[in-house]
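Read the structure below first, then the notes.
All of the numbers you see were taken from the coordinates with simple rules; none came from a lab. Quick caveat, the model's predicted, so the values are computed rather than measured. Methodologically, a virtual Cβ is constructed for each residue, glycine included, from the backbone with ideal geometry; neighbour enumeration extends over all protein chains shown.
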Amino acid sequence: MSIRSVLAHEYYGHYMNADNEIWYTVDDWRDEFRASYDAAVNAPNLSDVERATLMRDAYDRAAAVAEAVEFTDDARRILYGDSFT
């Protein structure tokens, strides 16, 4: 991941969700999934490749713990382009 992707993950993922009602323990896959997913969708000034890398990271974290998470429309758009939404 690029430095901008990592910073987006930390800021738009973790920091911006600090006041969220849903809390996960440190290193919980759901917290990391949410951080990468939210960064991919919400962080400004990321390239298409950086957004796709963050989105893949999110879904890879779910797959690592054998959780089946369906792709959302945002995930499909970021990973495959507008024609797949």
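Mean sequence separation of contacting Cα pairs (under 8 Å, at least six apart), scaled by the length of the chain, corresponds to a relative contact order of 29 percent.
Inter-label distance, L7 to R56: 2.3 nm, where each label sits 7 Å from its Cα along the C-beta direction.
Please work out the Cα convex hull volume for the chain and give it in Å³ per residue. Working shown, then result.
Details: hull volume 8.0 nm³, N = 85.
In the chain, the Cα convex hull volume per residue is 94 Å³.
Estimated from helical segments only, the mean residue ellipticity of the chain at 222 nm is -16000 deg cm²/dmol, where each DSSP H run of four or more residues counts as -39500 (n - 2.57).
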